[in-house]
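Heads up: the structure comes next, in structure tokens.
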Amino acid sequence: MDTQSHRRSAILVIDDDVRLCRLIAEFFGDSDYSIQAVHNGATGLARALDEPFDLILLDIMLPGLDGFEVLTQLRRRSSVPVIMLTARGAQEDCVRGLNTGADDYLAKPFGPEELAARMAAVLRRARGASAANVETVSIGSLRLSASSRRVWVGEEPIEITATEFEILDLLVRGRGRVVTRDQVCGILYQRPATPFERSLEVHISRLRRKTEGAGVTIRSIRGVGYVLAGDEP
């Protein structure tokens, strides 16, 4: 392999479970990931802002700053992809994490293979499968650039996560047509939607708020999917 052209993805784990951090580092030791770990919120936030990481694994229950506060402060200055690590069955934590700007979540305890699959999916979204596509598409006053993965309402750029960009890109390019939940999950998670796919509703809700005033509406088609349409004059 040409080491000059290949770079390992830099992953920051912010979790006070030292044993778990060590196991993650050992599992990915011979992979394309370079793992660093810190064990409290304040140190994790400082490291995340000071160094260029490709992905952050962020636990919710942290000493000092908890994971939600770390993510809130991080999102003010960075769009680095974040996977939240939550307690098993804490659905409200998952929803809150997504609303705060997380790209995905994973409930503890989890297997390393599932973690690896989630990381790979989030990194694929962040890098952008359509990065070579340079055109800007628009509907109403909403504009979306595939090459820079940026979104504007009028002349104002809006903050958007990698996951939100993928969903919005799919809706904009399918404007006026129903985009099914299975299509969205296929892009995001490489699997069909489950009956209780709460994460999709959270992402759609955030996109509705962020595109308010753009002259577009994201409509839910119950049990089927979503459609993006221009507002009627």
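Starting from the Cα-Cα distance between Glu113 and Val178, subtract it from 0.36 nm times their residue separation and give me the gain in nm to one decimal. List each step's numbers first, then the result.
Working: separation 65, 0.36 × 65 = 23.40 nm, distance 3.30 nm.
Full-extension gain reported as 20.1 nm.
Which value in Å is the Kirkwood Rh of segment 42-152 over different Cα pairs?
15.3 Å
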Item to check | Relative contact order [Cα under 8 Å, 6+ residues apart], segment 136-230, whole percent | outcome: 31 percent
Checklist entry - About the Cα centre of the chain, what is the dipole size in debye to 20, counting +1 per Lys and Arg Cβ and -1 per Asp and Glu Cβ, all else neutral? => result 580 debye
Checklist entry - What is the spread of the Cα atoms of the chain along each of their three principal axes, largest first, in whole Å? => result 58, 43, 31
Checklist entry - Packing-wise, with mean Cβ within 10 Å as the measure, how do 106-119, 57-70 rank, highest first? => result 57-70, 106-119
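For the pair Ile221 and Arg47, what calculated FRET efficiency results from E = 1/(1 + (r/R0)^6), where r is the Cβ-Cβ distance and R0 = 45 Å, to the nearest 0.05? List each step's numbers first, then the result.
On the way: r = 43 Å, r/R0 = 0.95.
Working from the Cβ atoms, E equals 0.55.
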Item to check | For the chain, with +1 on Lys and Arg beta carbons and -1 on Asp and Glu, the positive-most of Pro192, Ser220, Phe165 along the dipole | outcome: Ser220
Item to check | Relative frequency of Cα-Cα separations exceeding 20 Å in segment 26-104, percent | outcome: 29 percent
Next on the checklist: Counting only helical runs of four or more DSSP H residues, what would the 222 nm mean residue ellipticity of the chain come to if each run contributes -39,500 (n - 2.57) and the total is spread over all its residues?
Outcome noted: -11500 deg cm²/dmol
Checklist entry - Can you give me the Cα centroid spacing of segment 180-233 and segment 13-58 in angstrom? => result 31 Å
Item to check | About the Cα centre, charge dipole magnitude for segment 31-109 (Lys/Arg +1, Asp/Glu -1 at Cβ), debye | outcome: 160 debye
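Hey, any idea what the orientation-averaged projected area of the convex hull of segment 136-230's Cα atoms comes to, in nm²?
Numbers: hull surface 21.9 nm².
Spelled out: convex hull of the Cα atoms, projected over all directions, averaged, 5.5 nm².
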Checklist entry - Over segment 69-222, what is the mean sequence separation of C-alpha contacts under 8 Å (at least six apart), divided by residue count, expressed as relative contact order in percent? => result 20 percent
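Rule-based calculations on the coordinates, nothing more; no lab input. Note that the structure is a prediction, hence the values are computed from the model and not measured. We place every Cβ from the backbone using ideal geometry, glycine too, and count neighbours over all the protein chains shown.
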